[in-house]
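Engineer: Structure below; questions to follow.
The values are calculated or read from the model by the stated rules, or taken from the named source; none is laboratory data. Predicted model, so just to flag it, every value in this text is computed and none were measured. Neighbour counts run over all protein chains shown; Cβ positions are idealised from the backbone, glycine included.
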Amino acid sequence: MLSFDKVTKSFGANTAVQAASFTVDRPMMIGIIGRSGAGKSTLLRILNRLTDATTGAITFEGMNVTALRGSAKRNWQAQCAMIFQQFNLVPRMDVVSNVLHGTLNRRSTLTSMFNLFPDADITRAIDILDRLGIAEHAPKRAEALSGGQQQRVAIARALMQDPRLILADEPIASLDPMNAQVVMQSLRDIHEQDGRTVIANLHTLDTARQFCDRVIGMRDGRIVFDGTPEQLTTGVARDIYGADASFSEAATSTRIETLGTTRPRRPEPAEAL
Amino acid sequence: MTDIAGSATRVADIQAAYLAQARSKRVMNLILIVIFAALLIAGFRTADRRNAGGFWDGLPNILDFPADVIGEAIERAHLLPGYLIKYLPSLIETINIAGASTLLGAMAGLVMSLLVTRGLGPVPWLVGPLRRVLDILRAVPEIVIALVLIFMLGGGPVPAMIAIALHTTGALGKLFSEVNENASLRPVEGLASVGATWTQRMLLGVVPQVAPNYLSYALLRFEINIRASAILGFVGAGGIGYDLRNTMSWGAGKFDEAAAIFLLLFLSIVAVDQMSSILRHRLTHGAKPGEIHR
């Protein structure tokens, strides 16, 4: 379905991503973990074509994504929604308008300039907001919402795109543990109910373990681990983070329960629903 | 079940309310666009009727003067370098007037801007009156101030400099204070917490945040002032404007010298523009490492 073939990105002398190759054969939820600066964000940005790869190719269902130009590229971006750490909403516009921005690829510049969206799209936007539990904030300005709510608006914008893929770049890094839980659960629900592939950059191990079907570990631009959460032992995690024996998973945890305990618990699949 | 039904009607309510709001917004926008277009067309027709010569008849002649100037300049292009050197001293005088007035105006404007920014000004009740002072400085055309000062002080660059500096104070005071409004108050609060005076808080807390914007507004003003001081030359304030008036009044056949003066003005505006982007870049991104010692 989706495959990366030796994707490399260099910024001058620095290499952010070094010959990244992996294949996704069915819709799943993938977590990419690694230290800050390991190349996780660059990898997602290359997939969304916000950044161009220096060499290598990405193929999605036979289409070479890295070679797309102009409207074909924008069309791909509409199918491959992106969620950002800092939400990247338009702060002074209302929540529904921000969600409607998900349809911009299908709208002409003139109608979007006058904010003319079809009633059906407006109804659908509010339905999506309701699915994420924030319908009552629909007419408010995006900037008036809390971080967790803004991130859910960003997810609603992504869903409005009706995308094949959802990319989430550190979606919970600026949220408190409660909101982080809600946002990750929403992403998991979207994967399970709609069958969309979700790829999320995470910097906490337990989140990756709890919500993802597959974990990819990156270190200094290279993919150093690719497997199931069960295969991600503490030893492997130490290698990914380049840490010594004093490293404990609780150190990177954002879960409330782990604050007092030493070992996070992996919930049963039923619980993750 | 009742809960689900309740939430469904709630969402339907939200959708209905938002759709109603969106529709009324669209109607309002449409009305505003229609009014705008009507005013634009009506205004244009009125202006065209009152125009002495008739707008449409005069339109084809609009390029005659530039065509004459350029035509003669090309015809006598070999004389151009001589003219450029001949008028360089007047250009320097004009740029000097603009530079001095921008510097004085920007300094006064900086102080005024901090005094008239709500939330920053040390004397809240002075904010309104001082803003009106800035309004007056902007309202009086600089050519009027220059004429009055030339009458009192005699012709020369000093009256022009004062006139432009006063206008610059008014303009930059307003622009700077708008920049100040967007500055974060957190550094100011941080400095207040260590016991800094108002002047210290402003100089060390606000100015570093807004300096790049100040600089770009000041340099834009410098460009405008070069042109303004050239215009004031027409009324006897010296500089390149005086020469431009003379060459233009000599009429056809002498436009090549006017072209040389236009060229000099254009080149100096380009130079200021380039300088502006280089300085701004250095201020926002810092000097390249190693560049300082070279």
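Engineer: Counting only residues that are exposed (fewer than 13 other Cβ atoms within 10 Å of the Cβ) and within 14 Å of another protein chain (Cβ to nearest Cβ), which one in the range A:92-117 is modelled with the lowest pLDDT?
Structural biologist: Out of the qualifying residues, it is A:114.
Engineer: Quick one: residue B:184 ticks every box in (1) under 14 Å from residue B:105 (Cβ atoms); (2) surrounded by fewer than 19 Cβ atoms within 10 Å (Cβ to Cβ) except a single one, so which number is it?
Structural biologist: (1)
Engineer: So which of A:122, A:190, A:199 ends up being aliphatic (A, V, I, L, M), within 11 Å of chain B (Cβ to nearest Cβ) and out of contact with any Ser or Thr (no Cβ under 9 Å at 6 or more places or on another chain)? Working first, answer last.
Structural biologist: Values: A:190 fails: within 11 Å of chain B (Cβ to nearest Cβ); A:199 fails: within 11 Å of chain B (Cβ to nearest Cβ).
Only one candidate passes the filter, namely A:122.
Engineer: Looking only at the range A:19-36, count every residue that is free of Cβ contacts under 8 Å to residues at least 60 places away in the same chain and under 15 Å from residue A:204 (Cα atoms) and tell me the total. Before the answer, list the steps.
Structural biologist: Applying the first criterion (free of Cβ contacts under 8 Å to residues at least 60 places away in the same chain) to the range A:19-36 yields A:23, A:25-26.
Still in the list and also under 15 Å from residue A:204 (Cα atoms): none.
Counting residues in the range A:19-36 that are free of Cβ contacts under 8 Å to residues at least 60 places away in the same chain and under 15 Å from residue A:204 (Cα atoms) gives 0.
Engineer: Grab the helices (runs of 4 or more DSSP H) fully contained in the range B:158-237, keeping just those with 1 or more residues being closer than 26 Å to residue B:267 by Cα, of a type in the set (Phe, Trp, Tyr) and in the same structural domain as residue B:268 (by TED's automatic domain parsing). If you could, list the steps in order and put the result at the bottom.
Structural biologist: On the way: elements: B:186-193, B:198-201, B:207-233.
Where helices (runs of 4 or more DSSP H) fall fully within the range B:158-237 and carry at least 1 residues being closer than 26 Å to residue B:267 by Cα, of a type in the set (Phe, Trp, Tyr) and in the same structural domain as residue B:268 (by TED's automatic domain parsing), they are B:207-233.
Engineer: I'd like to check something: does the range B:96-103 contain any residue that is modelled with pLDDT of 80 or more and farther than 30 Å from residue B:182 by Cβ?
Structural biologist: Checking the range B:96-103: at least one residue is modelled with pLDDT of 80 or more and farther than 30 Å from residue B:182 by Cβ.
Residue by residue, here is whether (1) part of a helix (DSSP H, G or I); (2) within 30 Å of residue B:185 (Cα to Cα); (3) not assigned by TED's automatic domain parsing to the domain that holds residue B:202 holds:
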position	(1), (2), (3)
B:35	yes, no, yes
B:83	yes, no, no
B:97	yes, no, no
B:121	no, yes, no
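Engineer: Right, something else. For the range A:128-135, does any single residue satisfy the condition of being in a loop (DSSP other than H, G, I, E, B) and either polar (S, T, N, Q) or more than 14 Å from chain B (Cβ to nearest Cβ) (or both)? Step through it out loud before you land on a result.
Structural biologist: Keep residues of the range A:128-135 that are in a loop (DSSP other than H, G, I, E, B), which gives A:132-134.
Now restrict to residues that are either polar (S, T, N, Q) or more than 14 Å from chain B (Cβ to nearest Cβ) (or both): none.
So far as the range A:128-135 goes, no, none of its residues is in a loop (DSSP other than H, G, I, E, B) and either polar (S, T, N, Q) or more than 14 Å from chain B (Cβ to nearest Cβ) (or both).
Engineer: Is it true that residue B:43 is away from chain A (no Cβ under 13 Å), of a type in the set (Gly, Ala, Ser) and under 27 Å from the mean Cα position of the chain (by Cα)?
Structural biologist: Working: away from chain A (no Cβ under 13 Å): yes; of a type in the set (Gly, Ala, Ser): yes; under 27 Å from the mean Cα position of the chain (by Cα): yes.
Yes: the conditions hold for residue B:43.
Engineer: Considering only residues that are closer than 12 Å to residue A:123 by Cα and β-branched (Val, Ile, Thr), which ones fall in the range B:14-38?
Structural biologist: Listed by number, the list holds a single entry, B:14.
Engineer: From the residues in the range B:163-175 that are surrounded by fewer than 24 Cβ atoms within 10 Å (Cβ to Cβ) and not small (Gly, Ala, Ser), which one is nearest to the chain's Cα centre (by Cα)?
Structural biologist: Quick first cut of the range B:163-175, residues surrounded by fewer than 24 Cβ atoms within 10 Å (Cβ to Cβ) only: B:166, B:170-171, B:174-175.
Then drop every residue that is not not small (Gly, Ala, Ser), which leaves B:166, B:174-175.
On the way: B:166: 14, B:174: 11, B:175: 9 Å.
Restricting to residues being surrounded by fewer than 24 Cβ atoms within 10 Å (Cβ to Cβ) and not small (Gly, Ala, Ser), the top hit is B:175.
Engineer: Which residue out of B:19, B:91 is surrounded by 13 or more Cβ atoms within 10 Å (Cβ to Cβ), within 14 Å of chain A (Cβ to nearest Cβ) and in contact with a Ser or Thr (Cβ under 9 Å, 6 or more places away or on another chain)?
Structural biologist: Working: B:91 fails: within 14 Å of chain A (Cβ to nearest Cβ).
Exactly one residue qualifies, and that residue is B:19.
Engineer: Turning to a different aspect of this structure: Just checking, how many residues over the range A:136-149 are part of a strand (DSSP E or B) and either of a type in the set (Phe, Trp, Tyr) or exposed (fewer than 15 other Cβ atoms within 10 Å of the Cβ) (or both)? Steps first, answer last, please.
Structural biologist: Just the residues of the range A:136-149 that are part of a strand (DSSP E or B), to begin with: A:141.
Now drop any that are not either of a type in the set (Phe, Trp, Tyr) or exposed (fewer than 15 other Cβ atoms within 10 Å of the Cβ) (or both), which leaves none.
Result for the range A:136-149: 0.
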